[in-house]
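Undergrad: Input: one structure, supplied below.
The values are calculated or read from the model by the stated rules, or taken from the named source; none is laboratory data. All figures in this text were calculated on a predicted structure; none of them were measured in a lab. Cβ placement follows ideal geometry from the backbone for every residue including glycine, while neighbour counts extend to all protein chains displayed.
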Amino acid sequence: MLVWERPEPQERPAPVPLSRERIVRAAIRLADADGLDAVSLRKVATELDVRPMRLYSYIDSKDELLDLMVDAAYAEIRPTGDTWREVLRSLAESTRHTVHEHEWFADLLGGRPQLGPHALACGESVVAALDGVGLDAVMPTVGAVNAYVIGAVRREIAGQRAERATGMDEKRWQAELGPYLRRQFATGRFPALSTVVRDAAHLDADETFRIGLECLLDGIEARISR
C-alpha cells in the first residue's frame with residue numbers, strides 16, 4: 001500500500017511525539033541546510049531526538065521519505081489565474097520560486113510521476129484551467145511547461161552551486177574568461193555568437209526565465225488557436 005493510503009500508527013505515550021508531518025519537516029530542514037546528502041533516516045531521527053527504528057512505524061524507506069518531501073514542496077506551488085495562460089504562467093513561476101526556497105527540490109523534479117495529495121491537487125487545478133484546449137493537447141501542453149521550468153531551474157541551481165564551489169561569481173567569471181572569448185571572436189569564426197554577446201541585452205535570471213516562458217506560451221497559444 002502506498003504511503004498516501006497507509007494510515008499512521010496510533011498515538012502512544014512517548015517522550016517525543018511523532019508523526020509523518022514532523023518527520024518530513026525535519027527532513028526538509030536538513031535538506032534545506034545541507035542538501036539531499038544530509039537526509040537519512042538516522043539523521044532525521046537524530047534531528048527529532050528519537051530512535052531510528054521508531055521512524056519505520058511511519059515510513060518504510062528513504063524513497064518514501066523523499067516522496068513525502070516532494071509532496072510537501074508541491075503544497076507550496078499554487079497555480080492561480082482566470083485563463084489557461086495565466087495558470088500555466090503561475091505554475092511555472094510558483095514552481096521556480098519553490099525550487100529556490102528548497103534547492104534540493106530541483107534534484108527530484110522530473111522523475112517518476114508524483115502522486116501525493118498536494119501534487120495531485122496542483123495537477124488538478126492546472127488541467128482544469130486547460131479545459132477547452134482539446135483533450136489530447138492537455139498533457140503535452142503541461143509537459144512542455146514543466147520541461148521548460150525543470151530545465152531552467154536546474155540550470156540556475158547548477159550555476160549557484162558552481163559559484164559556491166569555486167567562489168567565482170558572474171563578474172569574476174567574465175573578468176577571467178572575457179579575454180579568451182575576445183580572442184576567439186577575433187578569429188571571425190563565430191560571427192553570430194560575437195554579435196549576440198557584444199550587442200544583445202544581458203538579462204538577469206528573472207528576465208531570462210520570463211522571456212523564455214512567454215515564448216513558450218506564445219507557441220502554445222498559436223497551436224491552440226489553429
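Undergrad: Output the number of residues of the range 179-189 satisfying the condition of being without any contact (Cβ under 8 Å) to a residue 12 or more places away in the chain and not in a loop (DSSP other than H, G, I, E, B).
TA: Summing the residues that are without any contact (Cβ under 8 Å) to a residue 12 or more places away in the chain and not in a loop (DSSP other than H, G, I, E, B) in the range 179-189 gives 6.
Undergrad: Being surrounded by fewer than 20 Cβ atoms within 10 Å (Cβ to Cβ) and closer than 24 Å to A158 by Cβ narrows it down to one of L120, L91, L108, so name that one.
TA: The unique qualifying residue is L108.
Undergrad: Still on this structure, please answer the following. Across the range 134-146, what is the number of residues that are surrounded by 17 or more Cβ atoms within 10 Å (Cβ to Cβ) and either more than 20 Å from I77 (Cα to Cα) or not assigned by TED's automatic domain parsing to the domain that holds R85 (or both)?
TA: Residues meeting the conditions: 0.
Undergrad: Among the listed residues E163, E176, which satisfies the condition of being within 22 Å of D32 (Cα to Cα), in a helix (DSSP H, G or I) and either modelled with pLDDT of 95 or more or not aliphatic (A, V, I, L, M) (or both)?
TA: E163
Undergrad: Checking L193 against (1) in a helix (DSSP H, G or I); (2) within 28 Å of H102 (Cβ to Cβ); (3) more than 16 Å from the chain's Cα centre (by Cα); (4) not acidic (D, E), only one condition comes out false. Which one?
TA: Only one criterion in (1) in a helix (DSSP H, G or I); (2) within 28 Å of H102 (Cβ to Cβ); (3) more than 16 Å from the chain's Cα centre (by Cα); (4) not acidic (D, E) is unmet by L193, namely (2).
Undergrad: Moving on to the next point. Where in the range 39-155 are the helices (runs of 4 or more DSSP H), entirely inside, with at least 1 residues that are within 19 Å of D206 (Cβ to Cβ), among the small types (G, A, S) and in contact with a helix residue (DSSP H, G or I) (Cβ under 7 Å, 6 or more places away or on another chain)?
TA: Where helices (runs of 4 or more DSSP H) fall fully within the range 39-155 and carry at least 1 residues being within 19 Å of D206 (Cβ to Cβ), among the small types (G, A, S) and in contact with a helix residue (DSSP H, G or I) (Cβ under 7 Å, 6 or more places away or on another chain), they are 84-101, 105-108.
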